[in-house]
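Read the figures in this text as sums done on the coordinates, not as results from a lab. Remember, it's a predicted structure, so these values are computed and weren't measured experimentally. Every residue, glycine among them, receives a Cβ derived from its backbone with ideal geometry; neighbour counts consider all protein chains shown.
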Amino acid sequence: MSSKEGSGGFRKRKHDNFPHNQRREGKDVNSSSPVMLAFKSFQQELDARHDKYERLVKLSRDITVESKRTIFLLHRITSAPDMEEILTESEIKLDGVRQKILQVAQELSGEDMHQFHRAITTGLQEYVEAVSFQHFIKTRSLISMDEINKQLIFSMEDNGKENKTPSSDAQDKQCGTWRLKITPVDYLLGVADLTGELMRMCINSVGNGDIDTPFEVSQFLRQVYDGFSFIGNTGPYEVSKKLYTLKQSLAKVENACYALKVRGSEIPKHMLADVFSVKTEMIDQEEGIS
């Protein structure tokens, strides 16, 4: 046994060799020293940042839920007799979502958005999906990122209603306005999710006897797929993951259009939805999903 080990065979710690009164106690630390004051300020700053992050996560969750409800409402348009009534109700719901986005913009006022982007990206993607779905139903076209961002400029005068006049960041601070910009990645991911909703809209419309919508959706999805194909693997990882799902949705819509074009006259309209659902399951099995 070495001289550094006690009778129990354990190595002594270095401070055990010092007298008890020479050990440094925590109570001897000067709490008013510049180092301690600096670390206290760091603690307060980190706590405030973590609290802000949690508030943004909750707001993003609310935005996601309300956007999904808007999408579910818009799906009723294939069977509803009055399309304008559903579009008006969906606009009211989207206004409520924008009020949540206003709270996010106020939380991010004076902050670097990219530091908190992970907390709000899910809600923003779902909002892009809902807005683009509504825009497609109205115009049969894709809404641009600039049009979405124009809807996310808020002023104090109209109590959170959208201000359509763009302004610079310096003017925003002077006029009491807030803005939140959708990033290109959030826009692309939201549009990629839109393709799944359009596929469901296509199948539902066929079940209701609408044979024009599937061909319009098919042409639109081909254009979207071509655009995503140009990005390929050069874009963000999340975008490349969505490309496979987009291809799946396009294949299902094209299969529905093929059945309508080739066998549409043979199948009664009330049985078209059942035929397409069976074919969709067969495609999923071939792709290894089921």
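For labels at residue 89 and residue 33 in the simple 7 Å Cα→Cβ model, what's the distance in nm?
6.7 nm
Can you grab the distance from the C-alpha centre of the range 49-124 to the C-alpha centre of the range 207-222, Å, no decimals?
Rounded to whole Å, the Cα centres lie 28 Å apart.
Highest mean first, how do 132-139, 101-108, 30-37, 79-86 rank when packing is the count of other Cβ atoms within 10 Å averaged over residues? Please list the in-between numbers first.
On the way: 132-139: 18.2, 101-108: 20.1, 30-37: 9.2, 79-86: 11.5.
The densest-packed peptide leads the list: 101-108, 132-139, 79-86, 30-37.
If the limit is 24 Å between Cα atoms, which of 93/252; 68/138; 68/100; 150/241; 68/181 go over it?
93/252; 150/241
When the expected Rg is taken as 2.2 N^0.38 Å, what fraction or multiple of it is the alpha-carbon Rg of the range 92-150?
Details: Rg = 12.7 Å, N = 59, 2.2 N^0.38 = 10.4 Å.
Here the Cα radius of gyration is 1.22 times the empirical estimate.
I'd like the FRET efficiency for residue 50 and residue 241, computed as 1/(1 + (r/R0)^6) with the beta carbon distance as r and R0 of 41 Å, rounded to 0.05.
Efficiency for this residue pair is about 0.90.
For the range 177-256, give the magnitude of the charge dipole about the Cα centre (Cβ charges: +1 Lys/Arg, -1 Asp/Glu; no others), in debye to the nearest 20. Before the final figure, lay out the partial values.
Details: 8 positive and 9 negative charges, 63 e Å.
Charge dipole of the range 177-256: 300 debye, to the nearest 20.
What is the ratio of the Cα radius of gyration of the range 31-72 to 2.2 N^0.38 Å, with N the residue count, to two decimals? Don't jump to the answer; show the numbers that get you there.
Numbers: Rg = 18.2 Å, N = 42, 2.2 N^0.38 = 9.1 Å.
Dividing the Cα Rg of the range 31-72 by 2.2 N^0.38 Å gives 1.99.
Using the eigenvalues of the Cα gyration tensor, what equivalent ellipsoid semi-axes result for the range 186-249 when each is taken as the square root of five times the eigenvalue, whole Å, largest first? Walk me through the numbers before you get to the answer.
Values: eigenvalues 123, 23, 12 Å².
With the √(5λ) rule applied to the range 186-249, the semi-axes are 25, 11, 8 Å.
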